[in-house]
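The values are calculated or read from the model by the stated rules, or taken from the named source; none is laboratory data. Everything quoted here is computed from the prediction, not taken from an experiment. In this analysis, Cβ positions are derived from the backbone assuming ideal geometry, glycine residues included, and neighbour counts consider all displayed protein chains. These area figures cover heavy atoms from the full protein model, side chains too; ligands, DNA and RNA do not enter into them. Shrake-Rupley method; radii C 1.70, N 1.55, O 1.52, S 1.80 Å.
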Amino acid sequence: MKGLILAGGSGRRLRPLTHTSAKQLVPIANRPILHYVIDDLVGVGITELGIVVGDTADEIRASVGDGSAWGATVTYIDQKAPLGLAHAVLVAKSFLGKGPFAMYLGDNMFEDSLDSVVAGFDGSGAAARLLLAKVEDPTTFGVAELGPGGAITALVEKPERPPSDLALVGVYLFGPRIHEAVRAIQPSARGELEITDAVQWLIDQGGVVEHRVLNGWWIDTGKKDPLLRCNELVLDTVLPLVDGAVDGQSSLDGPVRVERGAVVVDSRLVGPLIVGSGARVSASTVGPYVSVGANCRISRSTVERSVLMEDSRVDDVGLLTSSVLGREATVDGGEGFGAQPVSVLLGDHSVVNVGR
């Protein structure tokens with residue numbers, strides 16, 4: 001089975017960060033989201049991967065390379081414009097061939113292994129198998145309607161009266177008939193070829209569409225608050241380790257990871273927390289739930305529940321909370337700013353002087 005990872009799209013919900021960076025490369029616990037996606041697929045034996053890319057293709061190629069770091073092979077597939085998930089399948093036809101494949105959205109993360117999702121699909125005769133999750137408010141999702149035998153009988157987008165509480169999430173398994181389906185459907189009102197329309201076409205043509213239901217958490221990281229929540233969930237699994245330098249005036253509380261080359265001076269670190277290689281923390285309190293990227297600088301500040309991408313700075317800020325800082329971004333409180341909380345979403349190279 002091959003894997004198709006969707007890593008195009010404009011990331012409008014994470015702007016201004018995604019004006020200059022691929023949303024799939026925003027770090028969770030100091031690793032790009034896309035790397036976790038590759039981990040999941042390789043972990044279930046899917047090592048022949050196609051990555052659909054758009055405007056951020058060069059950045060994604062630089063991050064993933066040829067896939068050899070995972071023991072995988074990667075083919076990059078250009079999508080000239082983000083014209084829908086079914087359009088991504090259409091442009092990937094030559095890579096996918098006639099065999100079954102798993103399609104994974106490159107900005108989604110899951111707690112569960114994909115073992116039970118993938119097991120037995122090849123040779124099952126099903127046209128598709130979808131991954132579903134129970135949600136509190138199905139009216140904001142695409143929702144699956146199930147028949148008596150458990151097969152999906154219809155997909156309903158954001159229904160006023162949901163037929164179930166099972167929402168579609170970002171993993172799909174398809175047999176070869178999906179290629180016929182994506183050619184048969186028409187663009188939706190928003191001008192895209194919708195994968196839900198293609199799946200509905202399979203159902204209408206008599207195809208069996210199976211499903212599996214997630215037991216653990218699932219997060220679409222396309223907005224700031226879900227991204228920060230995902231960072232917290234992953235940091236909860238990180239084991240403590242101190243490979244960097246921590247002076248005698250500093251304290252570490254809870255699971256804290258200080259990577260090689262990092263320096264901590266006269267500071268309090270509260271886990272779960274990662275301080276990346278080359279970072280420097282001085283006269284500050286950092287944590288809980290902070291990912292400090294490589295070569296960041298935090299001085300005379302308090303930082304909690306945030307993601308700091310590499311080379312970013314926080315100086316003289318009383319409390320930076322629930323924030324995402326892009327690469328080489330700076331938040332400066334200035335002298336005497338006090339302890340007013342600050343929450344920001346900054347693109348790469350941004351500078352914010354919150355004390356002025």
For SER250, the residues 5 or more places away or on another chain with a placed amide H closer than 5 Å to its own amide H are ASP266, SER267
What is the Cα centroid distance between segment 275-318 and segment 15-85, reported in whole angstrom?
-> 26 Å
For ASP122 and LEU319, FRET efficiency with R0 = 41 Å and r from the beta-carbon atoms, rounded to 0.05?
-> 0.20
Please give the calculated 222 nm ellipticity per residue for the chain, where each DSSP H segment of at least 4 residues contributes -39500 (n - 2.57) and the sum is spread over every residue; nearest 500 deg cm²/dmol?
-> -4500 deg cm²/dmol
Give the cross-link partners of LYS98 among the aspartates and glutamates, using a straight C-alpha distance below 17 Å as the criterion and excluding same-chain residues fewer than 8 apart.
-> GLU48, ASP122, GLU180
Would you mind computing Rg(Cα) / (2.2 N^0.38 Å) for segment 1-144, counting N as its residues?
-> 1.04
Peptides ranked, highest mean first, by Cβ atoms within 10 Å: ranges 210-220, 275-285 | 275-285, 210-220
From largest accessible area down, sort ARG313, ARG183; use a 1.4 Å probe on the protein chains.
-> ARG183, ARG313
Evaluated at q = 0.17 Å⁻¹: base-10 log I(q)/I(0), Debye formula over Cα of segment 86-136 = -0.70
Given a Förster radius of 25 Å and the C-beta distance between ALA69 and ASP243 as r, what FRET efficiency does 1/(1 + (r/R0)^6) yield to the nearest 0.05?
-> 0.75
Pull up the DSSP beta bridges for segment 1-142 and report the antiparallel fraction as a percent, rounded to 5.
-> 10 percent
Around LEU320, what is the net charge, scoring Lys/Arg as +1 and Asp/Glu as -1 over all other residues with Cβ under 10 Å from its Cβ?
-> 0
Have a look at GLY97, GLY333, GLY54 and tell me which one the Gaussian network model of the chain (Cα, springs below 10 Å) gives the largest fluctuation.
-> GLY97
Just subtract the alpha-carbon distance of VAL354 and ALA62 from 0.36 nm times their residue separation and send over the number in nm, one decimal.
-> 101.7 nm
FRET efficiency, ASP165 to ASP115 (Cβ-Cβ, R0 35 Å, nearest 0.05) | 0.90
Spin-label pair ASP204/SER251, simplified geometry with 7 Å Cα→Cβ offset, distance in nm = 6.5 nm
With a sphere of radius 13 Å drawn around the Cβ of LEU34, what net charge do the other residues whose Cβ falls strictly inside it have (Lys, Arg +1; Asp, Glu -1)?
-> -1
Across all directions of projection, what mean area in square nanometres is found for the Cα convex hull of segment 136-206?
-> 5.4 nm²
Cβ under 13 Å from LEU273's Cβ, LEU273 left aside: what net charge do those residues give with Lys, Arg +1 and Asp, Glu -1?
-> -2
Fraction of antiparallel bridges per DSSP, the chain only, in percent to nearest 5 | 25 percent
Magnitude of the charge dipole, the chain, Cβ model with Lys/Arg +1 and Asp/Glu -1, debye to 20 | 420 debye
When the Kirkwood radius is taken over all Cα pairs of segment 203-356, what Stokes-Einstein diffusion coefficient follows at 4 °C and 1.567 mPa s, in µm²/s?
-> 80 µm²/s
Calculate, for the chain, the solvent-accessible area per residue in square angstrom, rolling a 1.4 angstrom probe over the heavy atoms of the protein chains.
-> 42 Å²
Within the accessible area of the chain (1.4 Å probe), percent carbon and sulfur | 48 percent
Residues whose modelled amide H sits under 5 Å from the amide H of ALA154, counting only those 5 or more places away in sequence or on another chain, are GLU145
Leaving ligands, DNA and RNA out of it, rank HIS349, HIS179 by accessible area with a 1.4 Å probe, largest first.
-> HIS349, HIS179
